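Down below is the structure, laid out as structure tokens.
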Amino acid sequence: MSNFVDTIMAHVKNMNQAEPEFHQAVQEVVESLEPVIAKHPEFKEAKILERLIEPERVIMFRVPWVDDRGNVQVNRGFRVEFNSALGPYKGGLRFHPSVNLGILKFLGFEQIFKNSLTTLPLGGGKGGSDFDPHQKSDDEVMRFCQGFMSELFRHIGPNTDIPAGDMGVGGREIGFLFGQYKKLRNAFEGILTGKGLEWGGSLIRTEATGYGCVYLAEEMLKTQQKSFDGLRVAISGSGNVAQYAAQKVNQLGGKVVTLSDSSGFIVDEEGISGERWDFLMDLKNFRRGRIKEYADKFKCEFHEGIGVWNTKADVALPCATQNEISEEDAQTLVKNGCFCVAEGANMPSTPEAIEVFLNNKVLFGPGKAANAGGVGVSGLEMSQNSMRISWTREEVDAKLHRIMKDIHIASITAAERFGSPGNYVHGANIAGFLKVANAMIDQGVV
Ligand code: NDP
Ligand code: 2IT
């Protein structure tokens, strides 16, 4: 490691102890930025990196609520308002028992660069709670969301901070959160994205992250004169991102052979499409069941625990959670012939896994580029809310496609310009950073 990276990382680790995911996210960006800082002494002088790694504001709060048995429960709520150089804070809310400040700081930090890559005027933020929506009734989820918003509403606004969904926060939760905000503020405002289509949501927002991930992978494949047609695709997760990544792969002629959840994974050699995909949608979005039920219904393989990456595939789309692809998983994927990986999830590959992919010339699209379609269409939802109009499905999909193609070009161009052609990790980090850094310089020391 160089002196520059060493110095920054020593500072980050000292100031943010016990936040390993945050350290990991910062380290990757700082390593990518070495050649940029060498060429731009003005960034060093203005202490851009030191300022970027410090959130502008962190809000932590108590969320008490009452469960169905009448017992009082207490969870912790967070909103990390990381950087507003390019626009109001923007990023999802995650409800998962693993949520803590370090996880939300890694997500908020990455969001700054991802949002910059979309080309839309969006700052970066993230929030959530250690509340676990699994096995909760709709009423319990509603009471929790109302409790959560009873504090969050003071901190957000259509020009200040606009949260959205992430793990454990989908259409149901966004509805409950929106209802409570409206009641408290007595204002119908676009303060959340991913809203219902009848009350301010955008067409294609539900599909956007999964579709965008496949569009980015398609662009990477094109650089090698390949397409999805006839390819075997392994996908992890079976939530929002995985579902629509699978649908888009099917539409482009690929075959999705795996999906997973936190209990295990399925391998379906018939391909997860048609009535099988419809069954999955009902299972996960309405019955809220386990992936094993899919295997029971269609008589395919189910394996408990992790191991989804042992499935032979040409393309891997990790769409579950952080650090789900270990070095060994990456080696197995490469050994089995995988030549393209696009991260639907945030930071699903460990640094060691990324090294394996890059050393083996795998087309590797990092999350900041590959999953930016979700927040991209969130930005489009905000525009439609401000103009009080709704674009058609075709219009939004075309804009999403354009955003993903532009992210591909911006990443390739920045990688080339700063000495690592073909490295989308460096390219995405650098392209995302440059706009934010220049905006921070323009806006002075604030
Ligand atoms: P969902 O909650 O809809 O789905 C998450 C899926 O991942 C579920 O199938 C879940 O299984 C599985 N999962 C979670 N933790 C683990 C684990 N430790 N091991 C195995 N499987 C696990 O979330 P999303 O689909 O929205 O999000 C998935 C990823 O995509 C996250 O990294 C998120 O940050 C990222 N992302 C999401 C965007 C969005 O618009 N929603 C935008 C950009 C990125 P189970 O139900 O059993 O917990
Ligand atoms: O990680 C992400 O980009 C998201 N969860 C979506 C954020 C958003 O504001 O749509």
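The values are calculated or read from the model by the stated rules, or taken from the named source; none is laboratory data. Just so it is clear, the structure is predicted and the values come from calculations on it, not from any experiment. Cβ placement follows ideal geometry from the backbone for every residue including glycine, while neighbour counts extend to all protein chains displayed. Accessible surface is based on the protein model in full, side chains and every heavy atom, while ligands, DNA and RNA are left aside. Shrake-Rupley method; radii C 1.70, N 1.55, O 1.52, S 1.80 Å.
Can you pull the percent of the chain's accessible area that's carbon plus sulfur, 1.4 Å probe, other chains left in place?
Working: 9020 of 18080 Å².
Carbon and sulfur: 50 percent of the exposed surface of the chain.
Based on a Kirkwood Rh over C-alpha pairs, give the Stokes-Einstein translational diffusion coefficient of the range 126-253 at 10 °C and viscosity 1.306 mPa s in µm²/s. Please report the intermediate quantities before stating the final value.
Working: Rh = 16.5 Å.
Value of D from the Cα-based Kirkwood radius: 96 µm²/s.
Counting only C-alpha contacts under 8 Å and six or more residues apart, can you give the relative contact order of the chain as a whole percent?
On the way: 920 pairs, mean separation 70.4, N = 446.
Here the relative contact order equals 16 percent.
Within the set of other residues whose C-beta is less than 12 Å from the C-beta of Ser390, count the net charge using Lys and Arg as +1 and Asp and Glu as -1. Write out the running numbers ahead of the final one.
Numbers: positive: Lys195, Arg205, Arg388, Arg393; negative: Glu198, Glu381, Glu395.
In short, +1.
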Note to self: Placing one identical point scatterer on every Cα of the range 225-343 and ignoring solvent, what is log10 I(q)/I(0) from the Debye formula at q = 0.17, 0.23 Å⁻¹?
What the structure shows: -0.76, -1.43
Checklist line | Cα Rg over Rh - the chain, Kirkwood | finding: 0.95
Item checked: Net lengthening on full extension, Val445/Glu328 (0.36 nm per residue, minus Cα-Cα) -> 37.7 nm
Next item on the list: Please state, rounded to one decimal and in Å, the Kirkwood hydrodynamic radius that the range 58-164 gives when every pair of distinct Cα atoms enters the mean of 1/r.
Entry: 14.2
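Can you order the peptides 123-133, 57-67, 74-84 by their average number of other Cβ atoms within 10 Å per residue, highest first?
On the way: 123-133: 25.9, 57-67: 15.4, 74-84: 22.3.
Put in order of decreasing packing, that is 123-133, 74-84, 57-67.
With a 1.4 Å probe and all protein chains left in place, how much accessible area per residue does the chain have, in Å²?
Numbers: 18080 Å² over 446 residues.
I get 41 Å² per residue for the chain.
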Next item on the list: Kindly flag which residue pairs out of Lys105/Lys182; Lys183/Lys405; Lys114/Lys195; Lys13/Lys195; Lys114/Lys297; Lys226/Lys399 have an alpha-carbon separation exceeding 32 Å in this structure.
Entry: Lys183/Lys405; Lys13/Lys195; Lys114/Lys297
Next item on the list: Give, rounded to the nearest 20 debye, the magnitude of the charge dipole that the range 130-204 has about its Cα centre when Lys and Arg contribute +1 at Cβ and Asp and Glu contribute -1 at Cβ.
Entry: 300
Note to self: Please give me the summed charge of the neighbours of Lys136: other residues whose Cβ is under 15 Å from its Cβ, Lys and Arg +1, Asp and Glu -1.
What the structure shows: -3
Next item on the list: Consider just the alpha-carbon atoms of the range 139-212 and return their Rg together with their Dmax, both in angstrom.
Entry: 12.0, 35
Item checked: Rel. contact order, % - alpha carbon contacts under 8 angstrom, at least six apart, the range 44-166 -> 30
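Quick one: net charge of Gly419's neighbours, Cβ under 11 Å, K/R +1, D/E -1?
Values: positive: Lys39, Arg417; negative: Glu34, Glu416.
Here the count lands on 0.
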Note to self: Taking the square root of 5 times each eigenvalue of the Cα gyration tensor, what semi-axes in Å does the equivalent ellipsoid of the range 1-102 have, largest first?
What the structure shows: 35, 15, 10
Next item on the list: Note down the relative contact order for the range 228-372 as a percent, whole number, built from C-alpha pairs under 8 angstrom at least six residues apart.
Entry: 23
